[in-house]
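Worksheet: the structure to be examined is printed underneath.
Bear in mind these aren't lab numbers, they're just calculated from the coordinates by the rules spelled out. This structure is a prediction, so every number in the text was calculated from the model and none was measured. Methodologically, a virtual Cβ is constructed for each residue, glycine included, from the backbone with ideal geometry; neighbour enumeration extends over all protein chains shown.
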Amino acid sequence: MADIYLSTMAVGSITMENFAVLTRKLGIAGIELSSSLALSARDFPKIREQMPSGMRFLVHNYFPRPAEDFVLNLASLDTDVLGKSRAHCSNAIDFCSEIGSPFYSVHAGFALNATPGDLGKELAHLERYSLVQAKTVFVNSLSSLCRQAQAKGIRILVENNVLAPFNLVHERNEFLLGVTAEDLFEILTLVNMPNLGLLIDTGHLKVSARSLGFSTDLFLRHFQPHIEALHLSDNDGENDGNFAFDETVWFFKHLRDLKAKYLIIEVNSGAMADIPKAIAALRGITVEKGLA
């Protein structure tokens, strides 16, 4: 059964009370809690009280927000960053268990040292290390997290990275894991845990495919059995702008065939007025598939 969720990326500057009102009007299945929501686990009971009865929650990457910001990277060769990243994800798994989230989704790692201020910008000038080394660390991190999550009945979903054109190095990807189908498949194979799957971000995929010249259609068909959740948004192909969408968007034709159980609308706060249109389009797909 496919359910429609809304990422808190859309919150922007509105209050959680107003966001709760919005969710009631939209009549969606649940909310994905992400880093855009600058709240800790202690704040969650207040959030739940404001939401409609029966609202479900998913936990994504940098939530619950840590007291001191850092760049989460499960592939880091910096022992301090790696320790913080693994501890954060371990705590997030525990939080998933507490609130009933069926999975914890986390970004694929990367082979460089970055600060919070670097994110969303050109990264190629930063100190880099071997992608092979980074992948080894990332696989070890995922394996440990999958074992912890498995004991709690939680799945781990890896999200594909976005490679913008300005982060190409000699027209190649030199520092991001999980960009191509081949790399993601190798990660799944090396970890080889039954509770590991994929969350595919359509915005990331569109930008990365344009940067490296691969087919988005082939990518989605290749991973059809492994995609358990989708982050849905559109962009201009150059930057991950998290634009709103309707049934004319490029990925819509694939939603009829993909087996993803969670359709997560991940648009920016400026696109809030267009969210009802996106939900209406997705409901048409789920009804057509007999999944509503």
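In terms of surrounding Cβ atoms within a 10 Å radius of their Cβ, Ser97, Ser269, Ser7 rank from fewest to most as Ser269, Ser97, Ser7.
Mind giving me the FRET efficiency for Arg128 and Ser269? R0 is 41 Å, r the Cβ-Cβ distance, nearest 0.05 is fine. Numbers along the way, then the final one.
Details: r = 32 Å, r/R0 = 0.79.
It comes to 0.80.
In a shell of Cβ-Cβ distance under 10 Å around Ser233, excluding Ser233 itself, what net charge do Lys and Arg (+1) and Asp and Glu (-1) give? Walk me through the numbers on the way to the answer.
Details: positive: Lys206; negative: Asp201, Asp234, Asp240, Glu266.
So the surrounding residues net to -3.
Would you mind ranking Thr8, Thr180 by Cβ crowding within 10 Å, fewest neighbours first? With the sparsest Cβ surroundings first, the list reads Thr180, Thr8. So which lysines can Lys259 reach, going by Cα to Cα under 17 Å and dropping same-chain residues fewer than 8 places off? By straight Cα distance, Lys259 reaches Lys289. For region 3-288, relative contact order (Cα pairs under 8 Å, six or more residues apart, normalised by length) works out to 18 percent. Give me the lysines in straight-line cross-link reach of Lys46: C-alpha distance below 30 Å, same-chain residues under 8 apart excluded. Once the sequence-local lysines are set aside, what remains near Lys46 is Lys25, Lys84, Lys152, Lys261, Lys277. Sorting His222, His88 by the number of Cβ atoms found within 10 Å of their own Cβ, with the fewest placed first, yields His222, His88. Within the shell defined by Cβ-Cβ distances under 13 Å, the residues around Leu126 carry a net charge of -3, with Lys and Arg each +1 and Asp and Glu each -1.
Straight-line cross-link partners of Lys121 among the lysines, defined as a Cα under 20 Å from its Cα and at least 8 positions apart when in the same chain: Lys206.
Using only alpha carbon positions, build the gyration tensor of region 12-75, then give the equivalent ellipsoid semi-axes as the square roots of 5 times its eigenvalues, largest first, whole angstrom.
Values: eigenvalues 109, 30, 22 Å².
For region 12-75, the semi-axes come out at 23, 12, 11 Å.
Computed over the Cα atoms of region 1-142, what is the ratio Rg over Rh, Rh following Kirkwood? Before the final figure, lay out each step's value.
Working: Rg = 16.6 Å, Rh = 16.4 Å.
Result for region 1-142 is an Rg/Rh of 1.01.
Among residues other than Asn113 with Cβ under 11 Å from its Cβ, the summed charge is -3 (Lys and Arg +1, Asp and Glu -1).
Under Stokes-Einstein, with the Kirkwood radius over Cα pairs standing in for Rh, what whole-number D in µm²/s applies to region 60-185 at 25 °C and 0.890 mPa s?
Working: Rh = 15.0 Å.
Rounded, D is 164 µm²/s.
Loop sites by DSSP among the GluC sites (Glu not before Pro) of the chain, restricted to those with at most 14 other Cβ atoms within 10 angstrom, leave 1-67 as the longest stretch without any of them.
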